[in-house]
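The values are calculated or read from the model by the stated rules, or taken from the named source; none is laboratory data. These figures come from a predicted structure and were not determined experimentally. Heads up, the Cβs are rebuilt from the backbone with ideal geometry, glycines too, and the neighbour counts pull from every protein chain shown.
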């Protein structure tokens, strides 16, 4: 901790007014039916992944200027999208995300505000 003290202090100051919001995007029915062949299953998974990518690509325009930066993490059955914003922008962010139009079969769960753990890196890049 001593060796990283200065960096830690810098990050605490940098993110002192920031919060993190999380959007968990997933398919309501992941994959293909159990009766599908291997090829059909893989094709369905690829189509689902492509659709998730299209939805995530639209998040920044839906969230608008409330978001300072974002991180995306892929999950086996969906995507976690982390947004860093100023504490006073949470209500605006939530209101904007309520306007998100999802294709049938997909759902999004918004949670937060949380500490900015996805953006807070002690080790220099």
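For residue 25, the conditions (1) farther than 21 Å from residue 120 by Cα; (2) touching a strand residue (DSSP E or B) at 6+ places or on another chain (Cβ under 9 Å); (3) buried (at least 17 other Cβ atoms within 10 Å of the Cβ); (4) at pLDDT below 90 all hold with the exception of (4). Note on the stretch 97-121: residues that are surrounded by 15 or more Cβ atoms within 10 Å (Cβ to Cβ) and over 19 Å from residue 52 (Cα atoms) total 6. Looking at 18, 89, just one residue is surrounded by 17 or more Cβ atoms within 10 Å (Cβ to Cβ), within 29 Å of residue 5 (Cβ to Cβ) and over 14 Å from the mean Cα position of the chain (by Cα), and that residue is 18. For the stretch 68-86, how many residues meet the condition of being without any contact (Cβ under 8 Å) to a residue 40 or more places away in the chain and crowded, with 19+ Cβ neighbours inside 10 Å? The qualifying residues number 1. Taking the criterion of being over 18 Å from residue 88 (Cβ atoms) and touching a residue at least 24 places away in the same chain (Cβ under 8 Å), the residues of the stretch 9-23 that qualify are 11, 22, 23.
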